[in-house]
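Here's the structure we're looking at; comments come further down.
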Amino acid sequence: MAAAAASVHRLLVSRLQPLAAGLARSRAALGKRERRSSYLLLAPLLAQTKARADLPPPPCVSMHNIQRFQWIGEFVPAFRISGSQVNVLSTPAEFYDTLKEHIMTAKKRIVLASLYLGTGPLEQELVDCIEETLQRSQDETTASELRVAVLLDCTRGSRGKKNSRTMLIPLLKKFPNQVRISLYHTPDLRGLLKLLVPERFNETIGLQHIKIYLFDNNVIISGANLSDSYFTNRQDRYVLLRDCREVADFFEELVNAVSDISLQLEQNDTAEAKLGMVHPFTGSRRDFCAAANKRIMAVVHEAGRKQQLANQLMGLAESPSGEESALDGNVRQADTWIYPLIQMKPFQIEIDEQVTEALMTEADEASRIYLTSGYFNLTQAYMDLILGTSADYQILLASPEVNGFLGAKGVAGAIPSAYVYIARQFYNRVCQGGLQDRITLHEYFRKGWTFHAKGLWYYLSGSKWPCLTLIGSPNFGYRSVHRDLEAQLVIVTENCDLQQQLHQEQEHLYRLSSEVLTTTFDQPNRHVKLWVKLVTPLIKNFF
């Protein structure tokens, strides 16, 4: 047995070493500002030959085909789970009910990372649920194990007299040893800029945008914030991972790392830097960003080391001859890979950007990608890849009527028109390139609702259902890539039920849309004023 294990180990090493060497060369190129071109050359080499077009579509994608995505595990931890542990939620109400259900049953940890917490009755009900759970944990044992950690953005969470801070301070006062509230403050809002830029506009400089909701070993990842509209009539995406301890541990550590570099909310409504940490806007920006990079990447590297060992052990337990082993039952069920991606450009962390670009690059002409963003403002790199590669793209964006900025006061009220202008420019490039058969835009509309969903679904050549999805907080825009703190998951699966769930999620969103045509922009509500056209190129990197 030992000899066989050693033989398998040598085989794994021999196969991984060339890939690791190539990725190392790619990473070295990043420092020379050649990251995009050198890395993107790597991804197609890892893709398998596309399926023959004359073969009937398979009911679901096999593990043999999804192995083409295992290169992602060279950048981030790779968590192997069963697809039966994943549930796709579909509505804001289901999202809210799931939050409350898991808060009430949590025994050891509640970790909430969001842009902000709203101040309405639904949000208060969530806070009350947390308080009730904390109180019950104290009543059941003299030394409660339950800990609550909340990470929000400082500027957004401090807006107005009644805000996220005032909603949470009662928890701090009642359970000082069990509750931690952290407020991330971008290092780019400092000095005169911080002094002069007014409330609300200061949020354009950079935000904590991660949306992770964790309860014991259960994790919800989403693009939705903790606010009443996201619980009622603001459409987003939500995935629940059940009983996934390793994934939960990773995200708890990630939130702890970001919390450590954030300001700590006190009972008197002040917010101070953690002892020994560089202050985000009064300390040295360079020192703060270096410390942040070191603290956050340590989480990624340590989790990656642990999971690499765990996955090797699981691989050794797989028996080609079909013989039973101690781990055999678990191995047969492990049909899904979870890859957490993070993007924190202020700290020189660009993992999400690298992986997203590589996924777009390696997609062949027979594959289909459904991509959606609540705010259609793609980076130049993403636009060029969509226009320049050969995959079929179906892109879903918000119609002006369901844009979250519709009806906003002042300059912000013109943002929906700016998005229309950006979409028209992109559509014109599609038409000029004669790419209408390969790239189609769709506008989401649902009366009385707004639209905030983001991510993509990836269908391999000839496949009926998607085998990969990206889900989380990034919008594929400049802010997501360059300014904000973001996190999302790559979920790769051969599980037919999960592939069907993802397909149904995609269909549900696209069913409420209409195709964008040249005549779409002739409609009265698509008229863009001249001043909006003039300022959009100057301000589009801030929204």
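The values are calculated or read from the model by the stated rules, or taken from the named source; none is laboratory data. Since the structure is predicted, the reported quantities are computational estimates derived from the model, not experimental observations. Every residue, glycine among them, receives a Cβ derived from its backbone with ideal geometry; neighbour counts consider all protein chains shown. Heads up: the accessible areas ignore ligands, DNA and RNA and are worked out on the full protein's heavy atoms, side chains in. Shrake-Rupley method; radii C 1.70, N 1.55, O 1.52, S 1.80 Å.
Some observations on this one:
- Subset tally (residues that are outside any strand (DSSP E or B) and either open to solvent by 20 Å² or more (accessible area, probe 1.4 Å) or within 20 Å of L214 (Cβ to Cβ) (or both)) for segment 109-123: 8
- For D384: the one exception among (1) at pLDDT 95 or above; (2) in contact with a helix residue (DSSP H, G or I) (Cβ under 7 Å, 6 or more places away or on another chain): (2)
- Extreme residue, farthest from the chain's Cα centre (by Cα), among residues of segment 125-146 that are assigned to a loop (DSSP other than H, G, I, E, B) and crowded, with 18+ Cβ neighbours inside 10 Å: S144
- Those residues of segment 432-449 which are surrounded by 15 or more Cβ atoms within 10 Å (Cβ to Cβ) and either acidic (D, E) or outside any loop (DSSP other than H, G, I, E, B) (or both), in sequence order: I439, T440, L441, H442, E443, Y444
- Among (1) hydroxyl-bearing (S, T, Y); (2) crowded, with 23+ Cβ neighbours inside 10 Å; (3) at pLDDT 95 or above; (4) assigned to a helix (DSSP H, G or I) - the single one T372 does not satisfy: (4)
- Among the criteria (1) under 30 Å from L189 (Cβ atoms); (2) in contact with an Asp or Glu (Cβ under 6 Å, 6 or more places away or on another chain), the one E494 does not fulfil is (1).
- Test: residue in segment 251-261 that is under 30 Å from L498 (Cβ atoms), in contact with a Lys or Arg (Cβ under 8 Å, 6 or more places away or on another chain), surrounded by 14 or more Cβ atoms within 10 Å (Cβ to Cβ) and modelled with pLDDT of 95 or more: yes
- Any strands (runs of 3 or more DSSP E) falling wholly within segment 232-321 and containing at least 3 residues that are within 26 Å of Q85 (Cα to Cα): 238-241
- Being at pLDDT below 95, more than 26 Å from E246 (Cα to Cα) and of a type in the set (V, I, T) is a description that applies to T49.
- Y478 being modelled with pLDDT of 95 or more, within 30 Å of Y427 (Cβ to Cβ), of a type in the set (F, W, Y) and surrounded by fewer than 24 Cβ atoms within 10 Å (Cβ to Cβ): no
- Residue match in segment 155-170 (condition: free of Cβ contacts under 8 Å to residues at least 40 places away in the same chain, more than 21 Å from Q264 (Cβ to Cβ) and open to solvent by 60 Å² or more (accessible area, probe 1.4 Å)): yes
- Screening segment 264-282 for residues that are surrounded by fewer than 17 Cβ atoms within 10 Å (Cβ to Cβ) and in contact (Cβ under 8 Å) with a residue 60 or more places away in the chain and picking the one that is nearest to K194 (Cα to Cα) gives T282.
- Exactly one residue out of N293, N225 is open to solvent by 40 Å² or more (accessible area, probe 1.4 Å) and at pLDDT 95 or above: that is N293.
- Matching residues in segment 505-537 - criterion: being assigned to a helix (DSSP H, G or I), polar (S, T, N, Q) and buried (at least 17 other Cβ atoms within 10 Å of the Cβ): Q506, T520, T536
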